[in-house]
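Notes to accompany the following structure.
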Amino acid sequence: MCGIVGAVAQRDVVEILVEGLRRLEYRGYDSAGVAVVNNAGELQRVRRLGKVQALTDALSETPTPGGTGIAHTRWATHGEPSERNAHPHLSNNDLAVVHNGIIENHAALRRRLEEAGYRFDSDTDTEVIAHLVHYNRQNTASLLEAMQATAQELEGAYGTVLLDRADPERLVVARSGSPLVIGLGIGENFIASDQLALLPVTRRFIFLEEGDVAEITRSDVRIFDKSGAPVEREIHESTASYDAGDKGPYRHYMLKEIYEQPQAVANTLEGRLSETGVLDETFGNGATELFKQVKHVQIVACGTSYHSAMVARYWLECFGGVSCNVEIASEFRYRKSYVQPNSLVVTISQSGETADTLAALRLAKDLGYLGSLAICNVAGSSLVRESDLAFMTRAGAEIGVASTKAFTTQLVGLAMLVLAIGKYNGLSEDEQHGMVLALKNLPGKLDETLELASQIEELAEEFADKHHSLFLGRGEQYPIAMEGALKLKEISYIHAEAYAAGELKHGPLALIDADMPIIVVAPNNDLLEKLKSNVEEVRARGGILYVFADSEAHFESDATMRVINLPHTRWLAPILYTIPLQLLSYYVAIIKGTDVDQPRNLAKSVTVE
Ligand code: HGA
C-alpha cells in the first residue's frame, strides 16, 4: 500500500515521479503529492485530495520543476484522506518525508516533539518521522546519521524517503517492514516502493533489506544494514515488461487480467511438468529432500490468497497424502500454536510483501518448522527472499485491486505442490499422470470458460438492484464460493456471504426470499447429489438461484433457476469455476458504475497490518 517514488537527477524529475505514481496508483488512491527542490534551492510541495490525475492537473497549472524529488500516493491509515494529511509531510519547511507503513509509537513521539516546540500540521503518524529526523539532525553529522538515529526510536513499519532542502543532491531512505527498491540509472538514481514505478527509467534494481538505511545521490548509492555497517546488495536485472502497467485494449485492468488467465496459467506451468509429475526443482533447491519428509502442511495467507489455501487443504488431504491446516495470517501471528512433526509452512501472497503474512512466516521460522515455502508473484519480494523454497506464479503484473489471475495461478502452484508432495505419500503414477494431463489441458478449458462472458454479462443485470447475495458451494468449491462473494463485495459493494451449502439449514435459510440472489457453484463431483438437495431447500423457500454447473450435473433452467454450464473438468474444477464468478462481479460493478480497478477504501499490496 501507498506508492512511493523518488529521484535524484540532473534533469527535471517531476514527470518521472508522476508517471511512477500513476503506475503505483493501485497501492493507494485517496490523495497524492510531490515535493521537489527547484533550481533556486526552494522546497516546493504540491498535494491534492483524490487520484493522481488531480495532482497532475495541479502540476500542469503550476509547473514545479526540480532535479531531486519525492512523491507519494496514499492509502490512509492515520488521519482522514485530505490534502493536509497527504504526503509529503514537512518539518520546518526544510525536510520533506514520504512514508509507507504505520508508526505505532506516533502518539508518544508526537507529545515529545510538541514539547520540543514542533508544530504538527496533519493527523498522520508519518509527520513524526519528519520532525524527529529534523530534531536528530541537529546533533548528527548528516541526514543519513539523523535517519539512523531516528530508526532507533521508531516502532512499527516504514518504508520512508527523505529530502532535505539544504542538501538537495541526495535522498535518504529507510526500510523496516515496508518494501523499497532502488533503481539505478546513468548519472541518476531512483527509489520506489515497487519496481513497476521505475520501469520507464531503469531495469537495474537493488531490493533493500529489513533495517537498511541508504543514501542515494546522482552518482552513488551507499547502503547500511541495521547495525549501521556498510553493505553491498545484489543488483537485479528486471525482466518485467515496460508496458506491464498498461491496460491495452481493455476498459479495466481487472478485465484484462481476467482474460490473461489462460496465458498466465500456461506460463506458470511451462517447463515445470514431466509426463508423470512435477519437477521438484520448480520449488527451488532442496525441495526434494524437504518434500520427502513432509507429513503435515500449515498454510498461512490473507484475503484471496487465503481462499486458494483453503482449496489446497482439500487437495492436499485428498491427493497429497498429508494433513493440512490453513489459517489467516493476522490470526496465526498473534496466537500460540503447535507445530506438528515434519511440518512444512507455506505462505501465499501475490506481492510477497503482505505485512501479516510476512510476520507469520517470521514467527513460523522461530517456531521450528521443517522448512518454508512461499507461493508468490513477485520475484525478489521479502516473502520469497526469506523463505527456504519459493514457487513463482508468473501471472505478470496484477494491477486491478481485486485479485484475479494471481488467484488462479496460486491455485495452479498449489496443485503442483500437491503432486510434488503426493508422490512421496502414496499418489500413484497413474493418478499423477491423469492430474498432469488435466493441468496441461487447463489453459484451453479456461479459454472455453471465458466464452461465457456474454451470458454472464446478461445475468449481471439481475444483480444490479440487489443489496445482498449468498454464494454456496461444497467441498473444495466452498472456498470458491467465498472468493466469489469477496469479489462481488470488493468491486460492486453488494453484501455477499458464502456458506458451505450444508450449513444453510443452521441459520442462513432464514434470509432466503426473492430479493436475495443465490449463486451456486455446482460441478459434477461426489458431492453433487448433496448439493442438489441444498438447492431444493432454497427453491422450496422462494429463493432465486443462479447455478454454475457442469452439463453432466443435469441442472435445468426454469422460472426460479438460471443455469450456466461450464466445460467438464474434475480435480481442477475450483480453478475453472472461479472465472464466471470473477466475470459476474466485474459486470455487476460496470452496471452499478463503481470504480472497478480502484474500489473505495481498498488498495493492493497490503503492507500494513
Ligand atoms: N500511515 C501513513 C501511511 C499509510 C500507508 O502506508 N498506507 O499503506 C498514513 O496514514 O498516511
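Does ARG47 fit the bill of being within 12 Å of the ligand (Cβ to nearest atom), in contact with a Pro (Cβ under 8 Å, 6 or more places away or on another chain), farther than 23 Å from ILE182 by Cα and charged (D, E, K, R)? Yes, satisfied. Just one of (1) surrounded by fewer than 20 Cβ atoms within 10 Å (Cβ to Cβ); (2) among the hydrophobic types (A, V, I, L, M, F, W, C); (3) within 22 Å of ALA355 (Cβ to Cβ) fails for ALA214. It is (1).
If only residues of the stretch 52-80 that are part of a loop (DSSP other than H, G, I, E, B) and within 9 Å of the ligand (Cβ to nearest atom) are counted, the one that is farthest from HIS131 (Cα to Cα) is TRP75.
Yes/no matrix, rows are residues, columns are (1) over 19 Å from GLY303 (Cβ atoms); (2) touching a helix residue (DSSP H, G or I) at 6+ places or on another chain (Cβ under 6 Å):
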position: PRO341; (1), (2): yes, no
position: LEU344; (1), (2): yes, no
position: THR347; (1), (2): no, yes
position: THR357; (1), (2): no, yes
position: LEU389; (1), (2): yes, yes
position: GLU398; (1), (2): no, yes
position: ALA406; (1), (2): no, no
position: THR409; (1), (2): no, yes
position: GLY413; (1), (2): no, no
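From the list ALA460, ALA453, ALA420, ALA438, which one is modelled with pLDDT of 95 or more and touching a strand residue (DSSP E or B) at 6+ places or on another chain (Cβ under 9 Å)?
Just a single option satisfies the conditions, and that option is ALA420.
For the stretch 139-195, a tally of residues being assigned to a helix (DSSP H, G or I) and either at pLDDT 95 or above or among the aliphatic types (A, V, I, L, M) (or both) returns 11.
Scanning the stretch 175-218 for residues that are under 16 Å from ILE129 (Cα atoms) and within 22 Å of the chain's Cα centre (by Cα) returns ARG175, SER176, GLY177, SER178.
Just one of (1) in a loop (DSSP other than H, G, I, E, B); (2) of a type in the set (D, E, K, R); (3) surrounded by fewer than 16 Cβ atoms within 10 Å (Cβ to Cβ) fails for LYS247. It is (3). Could you say whether any residue in the stretch 375-382 is surrounded by fewer than 22 Cβ atoms within 10 Å (Cβ to Cβ) and at negative phi? Within the stretch 375-382 (the criterion being surrounded by fewer than 22 Cβ atoms within 10 Å (Cβ to Cβ) and at negative phi), the answer is yes, since at least one residue qualifies. Only one entry in GLU188, GLU169, GLU127, GLU145 is within 16 Å of ILE102 (Cα to Cα) and either among the acidic types (Asp, Glu) or within 16 Å of the ligand (Cβ to nearest atom) (or both), namely GLU127.
Selection of the stretch 94-111 for residues being more than 10 Å from the ligand (Cβ to nearest atom) and in contact (Cβ under 8 Å) with a residue 60 or more places away in the chain yields ASP94, LEU95, ALA96, VAL97. Only residues that are closer than 15 Å to ALA397 by Cβ and in contact (Cβ under 8 Å) with a residue 60 or more places away in the chain were counted in the stretch 214-246, giving 4. Each residue in the stretch 352-365 was checked for being under 18 Å from GLY396 (Cα atoms) and surrounded by fewer than 24 Cβ atoms within 10 Å (Cβ to Cβ), and 0 pass. Looking at ALA603, ALA573, ALA549, ALA540, just one residue is over 26 Å from PRO443 (Cβ atoms), more than 16 Å from the ligand (Cβ to nearest atom) and not charged (D, E, K, R), and that residue is ALA540. Do we find a residue being within 16 Å of the ligand (Cβ to nearest atom) and under 30 Å from ASN100 (Cβ atoms) anywhere in the stretch 581-598? Yes, the stretch 581-598 contains a residue that is within 16 Å of the ligand (Cβ to nearest atom) and under 30 Å from ASN100 (Cβ atoms).
If you take the residues of the stretch 81-93 that are assigned to a loop (DSSP other than H, G, I, E, B) and either free of Cβ contacts under 8 Å to residues at least 12 places away in the same chain or more than 15 Å from the ligand (Cβ to nearest atom) (or both), which of them is farthest from LEU132 (Cα to Cα)? Once the filter is applied, the top-ranked residue is ASN93. In summary, TYR118 fulfils each of the numbered conditions (1) under 16 Å from LEU171 (Cα atoms); (2) assigned to a loop (DSSP other than H, G, I, E, B); (3) of a type outside the set (A, V, I, L, M, F, W, C) with the single exception of condition (1).
The values are calculated or read from the model by the stated rules, or taken from the named source; none is laboratory data. Note that the structure is predicted; figures quoted are calculated from it, not measured. Because the Cβ atoms are built from the backbone with ideal geometry, glycine has one as well, and the counts that use them run over all protein chains shown.
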